[in-house]
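Trainee: Supplied in structure tokens, the structure appears directly below.
The values are calculated or read from the model by the stated rules, or taken from the named source; none is laboratory data. Quantities reported herein were computed from a predicted structural model and do not represent experimental measurements. Cβ placement follows ideal geometry from the backbone for every residue including glycine, while neighbour counts extend to all protein chains displayed. Heads up: the accessible areas ignore ligands, DNA and RNA and are worked out on the full protein's heavy atoms, side chains in. Shrake-Rupley method; radii C 1.70, N 1.55, O 1.52, S 1.80 Å.
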Amino acid sequence: MSSELVPPTTKPQPRSNSAFKQLWSMHAVMATCYLLLIVGGFLMVKMPDSTPLQGNAYSLHKSIGALTMALLTWRIFILQRVWWRKYTRRLPKFTSEWIRTFLLHAAIYLFMVAVPLSGFFLSNSYKSGNVPFFWVATLPDIFPKNAAVVDLARNIHFWMAYTFLAFIVLHAIDQQKYVRSLWRRTTQAMKKASLR
């Protein structure tokens, strides 16, 4: 049979505005935000109290925390669209690997909500009107001011943040093939940029 009669089979290319691509873009943005929160939070609490930079560091930390809550809401909306498109055609195979991956991601999403909320709890317990949004506005309080629970709120925020970090490390280990390829692409791009 002539090859002219048989049309070439090509895989359909995903659209650049597909929900899946939006989800991956949001993944990169939120990963950057959480990295800034974790590293910034660690550095911020190590600063001496007399440092003028400390107040701005706390404001930036709280602002990024509030931003992640807004981004998480948008991300969950996109995730719903991806799941709708994926699972309305065919239900997943409930293998042990699928269940493990689902539970790991569910825990990560739980911590993506719990860590910023515990930060709001700490800030609001310490002082009313204590969560700025990038020096433009002050967010309304979610929790009442209560000096008696500040130490409890600080401990909750601390342990939730480090437990979340442990789950992020587990996620990176679970996705190590992707992480290695991303690292390789990044280092190659940096080498090319330095050669110019």
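Trainee: When the Karplus curve 6.51 cos²θ - 1.76 cosθ + 1.60 is applied with θ = phi - 60°, which whole-Hz ³J(HN,Hα) does each residue of region 120-133 get, with x for Gly and Pro?
Mentor: 4, 4, 5, 5, 5, 5, 6, 7, 6, x, 10, 10, x, 10
Trainee: Answer with a single label: of [x] 17.7; [y] 20.0; [z] 18.3, which was calculated as Kirkwood radius over Cα pairs in Å from the structure in view?
Mentor: Read-out taken from this structure: [y].
Trainee: Ok, one more. Among the chymotrypsin sites (Phe, Trp or Tyr not before Pro) in region 126-155, which ones are in a DSSP loop with at most 10 other Cβ atoms within 10 Å of the Cβ? Mind listing them?
Mentor: Working: sites: TYR126, PHE133, PHE134, TRP135; in loops: PHE134, TRP135.
When the chymotrypsin sites (Phe, Trp or Tyr not before Pro) of region 126-155 are filtered for loop state and at most 10 Cβ neighbours within 10 Å, TRP135 remain.
Trainee: Turning to a different aspect of this structure: Pairwise over distinct Cα atoms, reciprocal of the mean inverse distance: report the Kirkwood radius of region 40-105 in Å, one decimal place.
Mentor: So the Kirkwood estimate lands at 15.4 Å.
Trainee: Under the definition of Cα pairs under 8 Å and six or more residues apart, what whole-number percent is the relative contact order of the chain?
Mentor: The normalised contact order for the chain reaches 19 percent.
Trainee: A further question on this structure: For region 108-196, how big is Rg over Rh, using alpha carbon atoms and the Kirkwood form of Rh?
Mentor: Result: Rg/Rh = 1.21.
Trainee: Can you tell which of THR186, THR51, THR68 shows the greatest fluctuation in a Gaussian network model of the chain with Cα springs below 10 Å?
Mentor: The residue with the greatest mean-square fluctuation here is THR186.
Trainee: Right, something else. How long are the semi-axes of the equivalent ellipsoid of region 157-196, taking √(5λ) for every eigenvalue λ of the Cα gyration tensor, in whole Å from largest down?
Mentor: They are 31, 13, 4 Å, listed from largest to smallest.
Trainee: Which shape class applies to region 67-124: rounded if a/c is under 1.5, otherwise prolate when a/b exceeds b/c and oblate if not, where a ≥ b ≥ c are the square roots of the Cα gyration tensor eigenvalues? Can you show the working numbers first?
Mentor: On the way: a/c = 5.38, a/b = 1.84, b/c = 2.93.
Oblate, since a/c reaches 1.5 and b/c is not below a/b.
Trainee: Mind listing the long-range amide H neighbours of VAL131? Cut-off is under 5 Å, sequence gap 5 or more, other chains count too, H placed in the peptide plane at 1.01 Å from N.
Mentor: Close amide H contacts, sequence-distant or interchain: LEU139.
Trainee: Let me ask something else about it. Mind listing which trypsin sites (Lys or Arg not before Pro) in region 48-113 are in a DSSP loop and have 14 or fewer other Cβ atoms within 10 Å?
Mentor: Passing both the DSSP loop test and the Cβ count: ARG89, ARG90, LYS93.
Trainee: Using the heavy atoms of the protein chains and a 1.4 angstrom probe, tell me the accessible area per residue for the chain in square angstrom.
Mentor: I get 73 Å² per residue for this part.
Trainee: Between GLY65, GLY41, GLY55, where does the largest GNM mean-square fluctuation fall for the chain, given springs only between Cα atoms within less than 10 Å?
Mentor: Comparing GLY65, GLY41, GLY55 in a Gaussian network model of the chain, the most mobile one is GLY55.
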